[in-house]
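Values in this text are rule-based calculations from the coordinates and carry no lab data. Bear in mind that the values here come from a model prediction, so they are computed numbers and not experimental data. FYI the Cβ positions are ideal-geometry reconstructions off the backbone, even for glycines, and counts take in every protein chain you see.
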Amino acid sequence: MTDEIAFNRRFDAIPGLAEPVAERVRRVLAPNPGPFTFTGTCSYIVGAGDVAVIDPGPDDARHVAALLDAVRGERVTHIILTHAHRDHVGALAALQAATGAPTYAQGPHRPARPLHLGEANPLDASSDHAFQPDVIVPDGGRVKGRGWELVGIATPGHAANHMAFALAGSGFLFSGDHVMGWSTTIVAPPDGAMSDYMASLDKLLARPERLYLPGHGDVVSDGPALVRALIGHREARERAIVEALKVGPLAIPEIVERVYVGLDPRLKPAAGLSVLAHLEELVARGRVTTDGAPAIGGIYRAK
């Protein structure tokens, strides 16, 4: 959704093909390309012999078959979820039925804040509200298998239950949708919150891992550099929103037109939700005003 960051938009992975991407890690790309998923969702297999699958991917029989083929002769002992959006968790039921492996995650899907009176969640259908992990992983919690260990890092922002996972002793981080290799992350209230997202970026920046394995897009070779760029981008976006409001009161679609110049029309609703996430933070800090609680249909003014 931006050209301000030098993303790697070249990604030649072939859907269904298991390929090694790091030591003890294989990637299988799902065949679900789209404006929000890039070339598809990346599922990862960690270890050898006894393995973990991170993010089973969408509900697609072809992808489930590819995952099962990739682990043929091995035993799946853990299924790990970064969050409960359907493009990451949709294949879970089929994979769990085939392997019997328990699930590990930060928790079930939940909103970052309660719905306001009369508010509807525009992305409600994109999440699996029935998902409940067999094992809840706390922030800093460790998930151990044979020959590997993952450390859970709570990273809310894109989703309230989002969790990244560091492969202990490797310098690798499975960043889910919090940091992606091809685009900025959608932060859409009420599921996500900009204050949470920015705090989670700061949290990753303080960590030692350098190589990021994202939920969409290719391997990020310098994760901390991308995180710094993402922080700068969001700060610049916030300034641009405030500057746009200095000309007078505006609704969110008008802000999107001024701030996201040349944006693919298919992405404008998502951009509007990201603007709302920024506005919630700006209103909370007293830099912007609106009548009542910040809402997608509100009118906003610079203070």
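Quick grid of which residues meet (1) under 25 Å from the mean Cα position of the chain (by Cα); (2) under 18 Å from Asn121 (Cα atoms):
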residue: Glu235; (1), (2): yes, no
residue: Ala240; (1), (2): yes, no
residue: Ala270; (1), (2): yes, yes
residue: Glu280; (1), (2): yes, yes
residue: Val288; (1), (2): no, no
residue: Gly292; (1), (2): no, yes
residue: Gly298; (1), (2): no, yes
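Glu238 - would you say it is in a helix (DSSP H, G or I) and touching an Asp or Glu at 6+ places or on another chain (Cβ under 8 Å)?
Values: in a helix (DSSP H, G or I): yes; touching an Asp or Glu at 6+ places or on another chain (Cβ under 8 Å): yes.
Yes.
May I ask you to list pairs of residues, at least six apart or on different chains, whose Cβ atoms are under 9 Å apart, with the first in region 84-98 being in contact (Cβ under 8 Å) with a residue 24 or more places away in the chain and the second being β-branched (Val, Ile, Thr) and part of a helix (DSSP H, G or I)?
Listed pairs, sorted by first residue: Ala91/Val64; Ala94/Val64; Leu95/Val64; Ala98/Val64.
So Ala225 fits all but one of (1) in a helix (DSSP H, G or I); (2) within 30 Å of Val283 (Cβ to Cβ); what number is the exception?
With respect to (1) in a helix (DSSP H, G or I); (2) within 30 Å of Val283 (Cβ to Cβ), Ala225 is out only on (2).
Pick from region 194-226 the residues that are in contact with a Pro (Cβ under 7 Å, 6 or more places away or on another chain) and closer than 12 Å to Pro156 by Cα: which of them is surrounded by the most Cβ atoms within 10 Å (Cβ to Cβ)? Don't jump to the end; show me each part of the working.
Of all residues in region 194-226, those in contact with a Pro (Cβ under 7 Å, 6 or more places away or on another chain) come to 196, 200, 205, 210, 220.
When the remaining residues are screened for being closer than 12 Å to Pro156 by Cα, the result is 196, 200.
On the way: Asp196: 22, Ser200: 24.
Of everything passing the filter in region 194-226, Ser200 is surrounded by the most Cβ atoms within 10 Å (Cβ to Cβ).
Which residue pairs have Cβ atoms closer than 6 Å, lie 6 or more positions apart in sequence or on different chains, and pair a first residue in region 155-174 that is over 16 Å from Asp87 (Cα atoms) with a second residue that is of a type in the set (Asp, Glu) and in a loop (DSSP other than H, G, I, E, B)?
Once the first residue is over 16 Å from Asp87 (Cα atoms) and sits in region 155-174, its partners that are of a type in the set (Asp, Glu) and in a loop (DSSP other than H, G, I, E, B) give Ala166/Glu209; Gly171/Glu209; Leu173/Glu209.
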